[in-house]
Each structure stands twice: as structure tokens, then as C-alpha cells.
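The values are calculated or read from the model by the stated rules, or taken from the named source; none is laboratory data. Computed from a predicted model, the values in this text were never measured in an experiment. Quick reminder, even Gly has a Cβ in these numbers, built from the backbone with ideal geometry, and neighbours come from all protein chains shown. Surface accessibility is based on the protein's heavy atoms, side chains included, excluding ligands, DNA and RNA. Shrake-Rupley method; radii C 1.70, N 1.55, O 1.52, S 1.80 Å.
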Amino acid sequence: MKILPGVFFRNISIVKGTGTFAIISLCLFITVNVSAAADTDAVIDDCCYTDNAAVQAAWRPMTGSAQAEVTTLDGQQVLRLPNNFAGNPIQRASWDRKVKLDLAPCKGVQFKIFCKNPAPISHFSIYFQSGDGWYSSSFFPESTTNWNTITVDKSGTRSEGKPAGWGQVQTIRISAWRGKDENTEIFLSDIRKTGVLGIDTSIAILRNESAARSRPNEAKSVDQFSENIAQNLQASGINSAILSDLDATTERLQKAKLVILPHNPGTPDNVSDELIKFMNGGGKLLVFYGLPSKLRPVVKIEGGAHIQAKYPGQFSSIRFTDKSLSGAPAMVGQRSWNISEAKPVEGSSRVLAEWLDDKGQPTGYAAIVASSNCMLMTHVLLNDDTFNKQRMLLAMVGSLVPDIWRQTANARIKNIGKIADYKDFDEAITQITKTAKRNRKVRKVIAAAKKLHAEALENCSAEKFPDACDKATEANKRITEAFCMAQKPLKNEFRSFWCHNAFGVEGIEWDEAIKRLADNGFTAILPNMLWGGTGFYDSKVLPVAPEVAEKGDQIAKCVAACKKYGVQIHVWKVNWNLGHRASKEFTERMRQEGRLQANSQGKEEPWLCPSHPDNQKLEVDSMVEVARNYDVDGIHFDYIRYPDNDHCFCAGCRERFAKAAGVTIQNWPKDVLGNGPFRQQWLDWRCNNITAVVKATSEQARAIKPKIKISAAVFSNWATDRDGVGQDWKLWCEKGYLDFVCPMDYTESDRQFDNRIALQKDWAGKTPCYPGIGVSTSSSRLGVPLAIGQINITRKHDTKGFVIFNYGVTESHDLLPMLGLGITSKH
């Protein structure tokens with residue numbers, strides 16, 4: 001993926017400057033005492049110290065890490081952080097610096113970093129300690145010759161433990177994780193706040209961290225939908241700041257013109273009181289899904305029942321009434337599974353849009369209701385129909401804060417052509433024309449883009465901002481189309497998608513889904529048909545999912561479509577993990593038989609224990625059953641590991657490990673943790689449990705069907721993941737258990753993607769390595785040009801193949817046809 005200057009992708013923005021750069025596995029703890037007056041200053045630490053003594057008093061190395069130093073680079077004082085991995089068993093180099101920061105009213109944190117040799121590093125993480133928890137995010141700098149400005153967006157961070165809010169940050173920790181046994185160094189400079197509410201932005205996204213703390217099952221959704229809003233605003237050139245509801249005060253809220261509630265399932269009364277004060281002072285509110293009851297009289301919108309979709313597709317699209325919202329598209333696709341009913345108050349609010357079902361018929365339920373100070377959408381904002389979704393959000397925000405239209409129009413025009421590595425419109429035109437050579441179709445599309453670009457400028461000058469946005473968006477679409485058409489396919493390449501839905505792409509049958517892959521040059525599909533406790537086919541080994549009775553055997557349907565269109569099928573199983581599809585009866589039986597995992601504290605995990613012989617047999621038999629009964633090209637392991645380094649410590653594991661290792665356990669589980677006397681034996685034993693299943697499955701499946709291909713989706717960094725999750729995939733390749741391996745290289749950084757493949761090809765040896773590209777994962781989201789960029793990196797490494805996650809509605813509609821124009825074209 002290409003990280004563009006000044007453009008945010010999820011939670012990280014990387015801007016290339018001047019100088020040199022390398023990357024390390026480190027942890028930085030930064031602690032700064034900031035007075036109330038100084039808090040208005042954006043600078044956290046300029047990294048300019050008088051001498052090494054001053055640096056080392058502020059930046060304290062964690063165990064195994066070298067001391068920080070002051071040095072001069074490109075004429076300025078910076079920090080030098082040596083990264084000593086060679087001969088050092090540490091998983092990351094680390095430095096601490098304590099802080100006292102209020103980051104509540106800003107968008108995130110920005111710093112400059114430089115490193116010449118990133119090869120020893122797998123990835124960076126940054127952590128912010130607050131109260132009894134942390135916020136965290138990952139990043140990877142792009143340039144090895146220039147300074148990189150890294151911007152960490154709070155909206156993309158994840159919560160761990162029980163953080164006390166962004167207003168009480170005690171520590172900043174940056175971690176760069178070990179990739180291989182080689183030293184490197186990084187240089188750090190200019191750590192500062194960015195996107196300060198009331199200065200850089202007038203829009204606050206209120207993240208419902210109070211609910212995430214009291215209801216941990218909501219934490220992921222709270223993070224996800226906060227990030228969705230921030231990403232879609234940023235795509236329109238609209239800055240925003242993430243504000244935890246733990247930090248919601250009158251003083252902070254009054255710096256905003258608009259507060260957005262992206263998914264706030266448990267808003268405390270005191271936060272509702274602060275929002276009422278905010279609105280009484282002229283502030284506006286944009287709410288998704290649930291409107292806190294205390295706010296309803298203030299915004300003049302009534303609540304209603306929670307409505308579960310009675311059938312799939314009941315809530316499939318949003319239709320606006322004629323000219324009800326300036327700049328909004330007439331129709332927006334969103335396949336919601338439920339809504340929170342809302343009704344207008346006569347004379348004070350009105351319905352702007354209604355829900356339609358998948359046949360285009362009205363459901364009778366309002367999708368968007370608006371009053372003078374609030375707009376409410378009756379479900380969360382999903383990521384389907386991206387173009388229209390972003391335009392709808394822009395129209396909603398623009399209606400509540402009219403100045404946003406001008407800002408967005410200017411930003412969109414400025415960003416026309418900023419795809420791949422192109423800096424601007426002119427460079428994009430020049431380079432695409434050069435790549436396409438004399439391709440008349442490409443030249444025609446480029447001519448259309450130039451015309452639209454000129455029209456966008458004219459509309460902006462005439463202050464017709466919605467029209468300017470439309471023209472700019474269309475111009476960028478034409479540039480992207482021309483870019484895709486100019487790409488060249490590669491012969492004899494393995495091109496595949498993982499498909500996480502056993503029923504394929506929602507809204508179409510397997511036949512159509514596979515036909516689309518074939519038409520656009522893809523050669524294989526990896527459909528998820530089995531879990532630890534569920535099968536979506538006529539299984540005699542696993543419990544069969546109840547939907548199979550109605551919708552049929554999904555492996556059989558997918559196989560038929562693949563044979564019809566000449567596409568390979570490698571059936572994917574999620575190993576060990578029972579997921580949410582396993583029946584309560586099956587899970588309870590596993591519990592009673594002592595077959596579920598437990599962590600070191602004894603907490604149950606709904607995964608099958610890999611050391612239990614019956615579980616190993618279940619895993620092997622279920623995959624071999626597929627090889628025996630279906631005309632598949634291959635079977636594919638996933639989750640073929642432990643959940644983390646804190647599993648499994650069930651009673652059975654204690655007994656089976658002691659017997660296998662020939663040792664007596666005195667202190668369980670202390671003897672196998674940390675510096676325990678049997679730690680390495682324990683880690684090796686965990687690996688052996690997983691490897692035993694891979695080996696047996698491979699041997700038995702090949703005995704039945706000699707030409708079958710055995711493959712696995714694996715974690716990207718074997719060097720740490722072998723012991724971390726018991727996944728010794730390097731050994732599987734060496735022993736020939738796998739015919740190809742698919743490391744899940746889900747990142748938005750091309751540099752990191754490139755580095756990972758270089759390491760992985762060495763670990764895989766003679767076994768083909770088809771990197772996984774994370775187009776739509778929890779840690780990465782790639783647009784079309786960025787996906788093409790990573791495909792080209794796989795070709796640079798001569799992998800002869802790649803796999804994309806995930807084949808869903810958006811990928812089928814937006815990504816696949818664009819790839820088929822050039823880089824995966826059949827012609």
C-alpha cells in the first residue's frame with residue numbers, strides 16, 4: 001500500500017520529508033508534566049536535550065534495551081535509540097518516559113522518525129497508558145531515506161484493560177517488534193499533539209468508553225464505529241477529534257460546533273447533561289443508532305422499539321425523500337440487521353430518509369430523522385456502499401455545520417490524482433499516460449478526468465460546493481480507472497480471495513460470486529466452510545449449521561460453481577475456535593468433557609484445547625472428510641495456533657505436558673511461565689500439539705487424494721509467533737506438510753509489507769508463499785490503488801501469487817472489477 005503524504009489510512013498518516021530513516025522494535029514510555037497554560041501548546045517533547053545525561057534521565061530503557069542518546073542529524077538535535085537485537089533475546093527494544101498529558105481535545109499524536117534499515121523490524125506499536133488500561137495502535141514508516149512524519153489518530157486506537165480516558169495519559173509507549181536477529185537504530189524528533197479541538201477542527205466524535213468499560217463485549221463495536229465515522233470524514237477532507245465520554249466536560253465540548261455519537265450504547269446521565277449544556281449553547285448533535293433518552297426532549301425526536309430484521313435484507317438501503325437533505329445521494333446501500341426506531345415530533349422534527357428492503361420496497365421505518373439541532377440515523381454507519389455512504393455523511397455534517405462544504409470541496413479538488421505514489425493531479429496524468437503508452441482507452445478516460453477537474457474548479461469558484469465535490473469525486477474516479485487500466489497482468493499467477501462467509505457474497509449465489517472472480521482473472525477461492533464446532537455442509541464429523549437444511553450444502557454449491565468456471569477451491573477451516581456459530585449444546589459438551597481452553601488465571605476460552613487427543617482427532621477428521629467427500633483442489637488451515645501466549649493452562653494440559661516432558665510440576669502454571677524452569681519445554685510442547693494436527697491432516701488427505709493441495713493462513717512473523725502462539729509454520733514448510741503458505745500480511749504500509757515478504761520467503765524455503773493482502777480487515781483497509789500496489793510488491797518478490805481478504809459485497813462490487821481492468825485481467 002502506498003501511504004500518501006498528508007492522507008490518513010485508518011489510524012496512521014505518514015508524510016515523507018527530508019533525511020534518512022530506519023525502524024526498530026522498541027517501547028517508548030513518554031511522560032511530560034504539562035501545566036494548564038502549557039497544555040495549549042501542541043509540543044509534547046521536541047527531543048532536543050543538552051547531553052546524554054539529560055536524555056537518559058527522561059528516557060529510561062526497559063530490560064534488555066540500550067540507553068537513549070542525543071545526537072545531531074540533518075543539522076538538528078534528535079534522539080538516537082539503538083536497537084540491539086543481535087544475540088539479544090528481547091522481543092522489542094524499549095524506553096520509558098513518564099508523562100502527564102491531557103490528549104482529550106485533540107485528534108492524535110504526531111512525531112518524526114527516521115531509520116535506514118527497517119529489515120530487522122516486523123512492526124511498530126504505540127501505547128498510551130491511562131488509569132488501569134491502555135490505548136494502542138500500530139504503524140510502520142515508509143521511507144528509508146527521508147524523515148517520516150507519523151500521525152497516530154485516536155480514532156484508530158484499541159482499548160486494553162480499563163483506561164481512564166485520554167485526559168489522563170500517564171505514559172506513551174512506542175514498540176517496534178523484533179523481525180530478525182540484527183541490529184538497527186532509529187532517530188526520533190518533535191512529538192506533538194495534532195488535530196486539536198477548537199483549533200484544527202470543530203467536530204468531536206464522542207467515543208463511548210464508559211460503556212466499553214462496564215460492558216466489555218461492546219468495546220470492539222465502540223472502537224469500530226468511532227473509527228468508521230472518523231475514516232469517512234477524513235475521506236471527505238474533514239478533520240475531527242476523538243473525545244472519550246469519560247472526558248466530556250462543558251469546557252471541552254464548547255470548543256466544538258458538532259458532536260457525533262457513533263455508537264453509544266450506554267451514555268451515562270452526567271454525559272447526557274453535558275451534551276444538553278452543549279446544545280443549549282448552540283451546539284449540534286449527529287447521532288447513530290441509539291439516542292440517549294435524556295436527550296430526546298431537547299432534540300425533539302422520539303425513541304421507539306429495538307427492531308430486529310425479520311428476514312435477511314429487510315433493511316437494505318436508505319432512500320432520501322426528494323431534496324430533503326442538500327447534497328445527499330438519492331439512495332444509499334446499507335444492509336443493517338436491526339435498527340433503533342425513531343419518530344419525529346410534529347412541528348419540530350421530520351423524516352429525511354426511510355429504510356427500503358432488498359426488493360426496493362418501503363419498510364415503514366425511518367432511517368434518518370432531523371430537528372433543528374440534531375440528526376439521527378437509526379443504525380450505526382457501516383462500510384458498505386462506500387462512495388454514497390461518505391457523501392451521505394458529508395451532507396449530514398454539512399447540514400449541521402455549513403462551513404464544512406467549502407472545506408471539503410477544496411480538499412477534494414486538492415486530492416484529485418493523489419493515488420498510489422502520485423503527489424498531485426499533474427503527476428498522476430503524466431505517469432499513467434507513460435505507463436499506458438499508446439492505449440487509446442486510457443487516454444480517453446484521462447481526457448474525461450481533465451474535463452471534470454476543470455469543472456470542479458469552476459464550481460468551487462462559483463461557491464457551488466456540493467457540485468464541486470461531485471465533479472472532484474468523479475475526476476478522481478476517472479483517474480483511478482485509468483490507473484487500473486494501465487496495469488499489466490502476470491501469467492500463471494495464483495490469484496485468490498478468502499471468503500469468510502460460508503454462503504458467499506451476500507445478495508448473490510455462489511454461482512454468480514465465482515463467475516465474477518473468473519471474469520476478472522482470479523484463479524482460486526478459499527471459502528470458510530468449517531469452524532471448530534460447526535460445518536456448513538453435510539458433515540458426519542462436525543455439528544451441521546442449521547441453515548444448511550434450508551440453504552443446502554455450501555461446499556457442494558461452491559464446488560459446482562468452481563468447476564463450471566474453472567476456479568480452484570481450497571476449503572478453509574477455522575481450527576480450534578468455536579466462534580459464535582457453535583451450538584450451546586456442543587459447547588457445553590466440550591466443557592463437560594474438559595476439552596475447552598483456559599488461560600493462566602483459569603478463565604475459560606471457547607476454543608478447543610489442542611493437547612486433548614479427542615480435539616486433535618476432531619480437527620483432522622473434519623478436514624480429511626472434506627478431502628474425501630468433495631472434488632476440492634485443496635484444504636486450508638486457519639487459526640491453526642493458540643489464541644495467544646496465555647493459553648492453554650487447563651487441567652488436562654498440566655497432566656499431558658508433565659507426562660510428555662517427563663517432569664514433575666511443583667508450581668502450576670508458574671513453572672511454565674516467564675522464567676519458569678520448564679518454559680522452553682512448554683513452548684516446544686505447544687508447537688508440537690499444533691504441528692501434530694497439520695502433519696496428520698496432510699498425510700491422511702494426500703493418501704486419499706494425492707494431488708490435493710494443503711495450505712495454511714499463518715501469522716506474519718514466524719520469529720516471534722512460533723513461541724507466541726505455537727505456530728511453527730517454518731517447520732511445516734521444511735517438512736513438506738504444506739503445498740503453499742499464506743502469511744496474513746495485513747498492513748497499510750508498503751514498506752512493512754515488503755519487509756515481511758522478504759523474511760517470509762526465506763522462512764518458507766521451497767514452499768510457495770502467497771502473501772495475504774488485507775483489503776478489509778480489522779487492522780487494514782486498502783482502496784483499489786493501494787491493493788494494486790501490494791500486488792505489485794508480491795510480483796517484485798516473485799511469489800507467483802497472493803490472497804486477498806475478504807471477498808464480500810464491497811470487494812465484489814468495487815474492488816474486483818477494477819482489478820480486472822488491468823492487473824488481473826484475463827486478456
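Brief remarks on what is shown
- Sorted on the mean count of surrounding Cβ atoms within 10 Å across their residues, most packed first, peptides 799-807, 680-688 read 799-807, 680-688.
- Solvent-accessible heavy-atom area per residue, rounded to whole Å², over region 31-156 at 1.4 Å: 37
- Portion, in percent, of the accessible area of region 616-670 that falls on carbon or sulfur, probe 1.4 Å: 41
- Prolate/oblate/rounded call for region 565-639, Cα gyration tensor, a/c under 1.5 rounded: prolate
- When the square roots of the Cα gyration tensor eigenvalues are ordered a ≥ b ≥ c, the ratio a/c for the chain is under 1.5, which makes its shape rounded.
- The count of lysine pairs in region 148-287 that are at least 8 places apart or cross chains, and whose C-alpha atoms lie under 15 Å apart, stands at 7.
- Taking only protein heavy atoms and a 1.4 Å probe, the accessible area of region 488-574 is 53% carbon and sulfur.
- Area accessible to solvent at Phe494, 1.4 Å probe radius, in Å²: 20
- Net charge of Cβ neighbours under 15 Å - reference Asn264; Lys, Arg +1; Asp, Glu -1: -3
- Per-residue ellipticity at 222 nm computed for the chain from its helices equals -10000 deg cm²/dmol, with DSSP H segments shorter than 4 residues left out and the rest contributing -39,500 (n - 2.57).
- Global geometry of region 353-454, whether rounded, prolate or oblate, following the gyration tensor of its Cα atoms and the 1.5 cut on a/c: prolate
- Of all lysines in the structure, those lying under 20 Å Cα to Cα from Lys418, and not within fewer than 8 positions of it along the same chain, are Lys2, Lys16, Lys434, Lys444, Lys450, Lys451, Lys471, Lys477.
- Local net charge near Ser221, Cβ-Cβ under 13 Å (Lys/Arg +1, Asp/Glu -1): 0
- Of all accessible heavy-atom area on region 777-827, the percent that carbon and sulfur account for (1.4 Å): 57
- Sorting 419-431, 91-103 by their mean Cβ neighbour count within 10 Å, with the most densely packed peptide first, gives 91-103, 419-431.
- Per residue, region 613-730 exposes 41 Å² of accessible surface when a 1.4 Å probe is rolled over the protein heavy atoms with every protein chain present.
- Residues of type lysines that Lys800 reaches as a straight line, Cα spacing below 20 Å, ignoring anything fewer than 8 places off in the same chain: Lys488, Lys491, Lys707, Lys709, Lys730, Lys761, Lys766, Lys826
- Rolling a 1.4 angstrom probe over the protein heavy atoms with all chains in place gives region 256-366 an accessible area of 46 Å² per residue.
- Under Karplus coefficients 6.51, -1.76 and 1.60, residue-wise ³J(HN,Hα) of region 268-282 in Hz, glycine/proline x: x, 4, 5, 6, 4, 4, 5, 5, 5, 4, 4, 6, 5, x, x
- Neighbourhood net charge (10 Å Cβ-Cβ; Lys/Arg +1, Asp/Glu -1) for Gly765: +1
- Each DSSP beta bridge with both residues in the chain is either parallel or antiparallel, and the antiparallel ones are about 65%.
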